[in-house]
Amino acid sequence: MQIISTFIANEQTAYLAAVACAERRALHSFFDQHVIEDDIDGFIAIDEGDYDALPMGVIDRVVHTVPSGMSDEF
């Protein structure tokens, strides 16, 4: 018998939702999208362009990065 914790299932759901959000946003952005671990929401997606330079506290919590989908190069 295998028991799956509700907490772990919720964490996985939040992570997959944040990755999906980052992948959708990356298609229309010049900036990389990062999934970070958040103490309150579990995982959230942020746009690197929302910050001048990512603070070290945010960099330490990055768990996944989706490269930007747009380019200025022709």
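The values are calculated or read from the model by the stated rules, or taken from the named source; none is laboratory data. Everything numeric here is computed off the predicted structure, so don't read it as measured data. Ideal geometry is used to build each Cβ from the backbone, glycine not excepted, and the neighbour counts take in all protein chains shown. These accessible areas exclude ligands, DNA and RNA; they are computed on the full protein's heavy atoms, side chains included. Shrake-Rupley method; radii C 1.70, N 1.55, O 1.52, S 1.80 Å.
Report the residue count in the range 16-39 for those that are outside any loop (DSSP other than H, G, I, E, B) and surrounded by fewer than 17 Cβ atoms within 10 Å (Cβ to Cβ).
So the first thing to find is which residues in the range 16-39 are outside any loop (DSSP other than H, G, I, E, B), and the list is 16-26, 33-38.
Add one more test, that the residue is surrounded by fewer than 17 Cβ atoms within 10 Å (Cβ to Cβ), and what stays is 16-17, 20, 23-24, 38.
So the count comes out to 6.
What are the residues in the range 40-74 that are open to solvent by 100 Å² or more (accessible area, probe 1.4 Å), modelled with pLDDT of 85 or more and either assigned to a strand (DSSP E or B) or under 21 Å from Glu11 (Cα atoms) (or both), if any? Can you show your working first?
Of the residues in the range 40-74, the ones open to solvent by 100 Å² or more (accessible area, probe 1.4 Å) are 40, 50, 52, 56, 60, 72-74.
With modelled with pLDDT of 85 or more added as a condition, the list becomes 56, 60.
Passing the criteria: only Asp60.
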